[in-house]
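Novice: First, the structure itself, so that you have it in front of you.
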Amino acid sequence: MSIFSTILEKLGLHKDKPAVTTTAPAAATPKPAAAPSAPNPAPVAKPAAPAPASGPVAGPSSAADKSSQVAVNQTLAAMPAAPKPISDVDVVKQLELKAKGTGLNWKVSIVDLLTLLDIDHSRQARNELAKELGCPPEFMSDSAKMNTWLHKTVLHKIAENGGNIPKELLD
């Protein structure tokens, strides 16, 4: 698991992603054998196409167009409903509660943020997180610049994943 994924998980922002399968679709879903005399399924109703003003046009592409439209309609009908957006997680409240009485300032320090989340905040771990998030190479050799970039980027990414980060921390 990546460090940033761990951050999202600790904040309750992990997104459930469908598992990626490496098997062929036919192997993943076994189909029962059909009896030789089994009837074909009922055809899908096709929408009536308006007749052109100059009369019907017959040609090789008209059958292909109808077949293509039927395939598109079947694909759309088979698609699952649009995913519901994840609700915003009150990241600020969570972090404020965790920081209470600790003296840690997660709003300005990546080290404090990682410490509150009980995630390794060593230089090596922060380097790994910076690489994971695409830190510019010129910041990687300067710890202060990298930490500043990393803190801003992590807050932006948390916000992109449904966390409610105040605008003043994202500027």
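The values are calculated or read from the model by the stated rules, or taken from the named source; none is laboratory data. It should be emphasised that the depicted structure is a prediction, and the values quoted were computed from it without experimental measurement. A quick note on method: Cβ atoms are made from the backbone with ideal geometry, for glycine too, and the neighbour counts reach across all protein chains shown.
Novice: In region 92-171, which helices (runs of 4 or more DSSP H) lie fully inside it and hold 3 or more residues that are at pLDDT 95 or above and surrounded by 13 or more Cβ atoms within 10 Å (Cβ to Cβ)?
Specialist: It comes to 110-116, 123-132, 143-160.
Novice: A follow-up question, please. Applying the selection to region 89-114, what residues are touching a residue at least 12 places away in the same chain (Cβ under 8 Å) and of a type in the set (S, T, N, Q)?
Specialist: Listed by number, the residues that qualify are Gln94, Thr102, Ser109.
Novice: Among Asp112, Asp171, which is charged (D, E, K, R) and farther than 16 Å from Ile7 by Cα? Show your work before the answer.
Specialist: Values: Asp112 fails: farther than 16 Å from Ile7 by Cα.
Asp171 is the lone residue from the list that is charged (D, E, K, R) and farther than 16 Å from Ile7 by Cα.
Novice: Moving on to the next point. Find the residue count for region 96-142, including only residues that are more than 20 Å from Leu169 (Cα to Cα) and touching a Cys at 6+ places or on another chain (Cβ under 9 Å).
Specialist: Result for region 96-142: 1.
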